[in-house]
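These notes concern the structure reproduced below.
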Amino acid sequence: MTRPTSITIDLNALTHNFQQVKILSPYSSVISMVKANAYGHGLIKVAQALSPMTDALGVACLDEALVLRQAGIKTPILLIEGVYSQEEMQQANRYKLDFVIHQIEQLQWLQNTPFTYTPQIWLKINTGMNRLGIAIQDLEIFYQGLMAIDYIKKPLGLMTHFACADELDNPLTAAQIQLFEQATAHLPAIKSLANSAGILAWKQAHADWVRPGLMLYGASPFANKTGLDLGLKPVMTLKAALIAVYQIKKGQPVGYGATWQAEQDTLIGIASVGYGDGYPQATKGANVLVNGVPCQLAGRVSMDMLAINLQAYPQAKIGDEVVLWGQGLPVEHVAAHAQTSAYDVLTRLTGRVLV
Ligand SMILES: *Cc1c(COP(=O)(O)O)cnc(C)c1O
């Protein structure tokens, strides 16, 4: 018997979420972010579905881009961290990739690699996140250096990334927008600032290109809202099944550490999913859906299994479907009960459940 644990991917939901991006920022082109295996959803499948709609795909590194090219995807692909070596710069040319430049070494590698293809370059400017990006005082020199290269696409791309766009009352985002605008106003270029939170909450930052990730998958970047609250639909549903159902007596514990005890005689179900599949081990008190009925976890999550208090669904039996998140149960619910983010929960899935 095959273990009844898997994800389903709703490509209609993906299309719906992409359309929400277009409704929110109708004048911007879109780089759909598919890094980290499309946030755990399956890189090739998601990229194939997005390709007819999106202007470009965004990945973290060359390896991810090569998977897409080898799958026959011809859509423009942006390496969001740029390349890591001169050798990779040659690969970027060979596979017709676009890329970010965020430091001097990358500019030098580009100058030393005569391209046979005309890449779109995005010069990344640090406006306060202090992760990747050139300092504002170096903008002029980088800009001139890039403009002097005749084998790259013009106008050049200028981009920055927000540190706190998910916090609506944090003044850093407005400061980053202002800094970026001031520094780049006089430079002919295409411009990009907004991730999902920027698209949803900072209209003034939509600019020429937006870069949605999380919202495409139907989840919310904001702590107090779910994707559903924002008009998005969950793309992934993680499902398992009950592999055991039994009664325990009042006072009996369940699971490792015996951290949970039955307050009364209770029906317990064991589902075929655990942290070895990517369900967060730290999750406490979250609901799952057993045949659509919300039931609470009982005790600690194990590697291959988790226990469910079936009090709310006494007719449960072996083989019943258990939804961990997705259709009917927002992934944000699990993230909140695991003290983490929807980004983290979605990208943690392991090879066991990925298709
Ligand atoms: C991942 C990423 C995004 C997408 O962020 P979301 O919050 O998932 O929308 C946008 N821009 C850059 C540079 C990224 O690395």
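List of remarks:
- Residue in the range 76-86 that is open to solvent by 10 Å² or more (accessible area, probe 1.4 Å), touching a Leu at 6+ places or on another chain (Cβ under 8 Å), in contact (Cβ under 8 Å) with a residue 40 or more places away in the chain and not acidic (Asp, Glu) present: yes
- Ala207 meets the conditions (1) over 14 Å from the mean Cα position of the chain (by Cα); (2) part of a helix (DSSP H, G or I); (3) touching a residue at least 60 places away in the same chain (Cβ under 8 Å) in every case but one. The failed one is (2).
- So Ala316, is it within 16 Å of the ligand (Cβ to nearest atom) and either part of a loop (DSSP other than H, G, I, E, B) or among the small types (Gly, Ala, Ser) (or both): no
- Val334 satisfies every condition listed in (1) crowded, with 20+ Cβ neighbours inside 10 Å; (2) over 16 Å from Thr237 (Cβ atoms) except (2).
- Residue in the range 258-273 that is part of a loop (DSSP other than H, G, I, E, B), away from the ligand (no atom under 16 Å from the Cβ) and crowded, with 21+ Cβ neighbours inside 10 Å present: yes
- Number of positions in the range 4-27 that are away from the ligand (no atom under 13 Å from the Cβ) and among the polar types (S, T, N, Q): 6
- So Ala194, is it open to solvent by 10 Å² or more (accessible area, probe 1.4 Å) and under 20 Å from the mean Cα position of the chain (by Cα): no
- Lys203 meets each of the listed conditions (1) more than 10 Å from the ligand (Cβ to nearest atom); (2) more than 14 Å from Ser25 (Cβ to Cβ); (3) open to solvent by 40 Å² or more (accessible area, probe 1.4 Å) apart from (2).
- The residues of the range 108-130 that are assigned to a loop (DSSP other than H, G, I, E, B), within 25 Å of Gln91 (Cα to Cα) and either over 29 Å from the mean Cα position of the chain (by Cα) or within 16 Å of the ligand (Cβ to nearest atom) (or both), listed by number, are Asn112, Thr113, Pro114, Phe115, Thr116, Tyr117, Gln120.
- Among the residues making up the range 212-228, those that are open to solvent by less than 10 Å² (accessible area, probe 1.4 Å) and either part of a strand (DSSP E or B) or near the ligand (Cβ under 9 Å from one of its atoms) (or both) are Pro212, Gly213, Leu214, Met215, Leu216, Tyr217, Ala219.
- Only helices (runs of 4 or more DSSP H) whose full extent lies in the range 1-107 are considered here, and the ones with at least 2 residues that are polar (S, T, N, Q) are 11-24, 86-94.
- Criterion: touching a strand residue (DSSP E or B) at 6+ places or on another chain (Cβ under 7 Å) and in contact (Cβ under 8 Å) with a residue 40 or more places away in the chain - qualifying residue of Pro294, Pro253: Pro253
The values are calculated or read from the model by the stated rules, or taken from the named source; none is laboratory data. Owing to the predicted nature of the structure, the values given are computational and were not obtained by experimental measurement. Neighbour counts are summed over all protein chains in view; Cβ atoms, including those assigned to glycine, are modelled from backbone coordinates with ideal geometry. Surface areas here come from the heavy atoms of the whole protein model, side chains and all, with no ligands, DNA or RNA. Shrake-Rupley method; radii C 1.70, N 1.55, O 1.52, S 1.80 Å.
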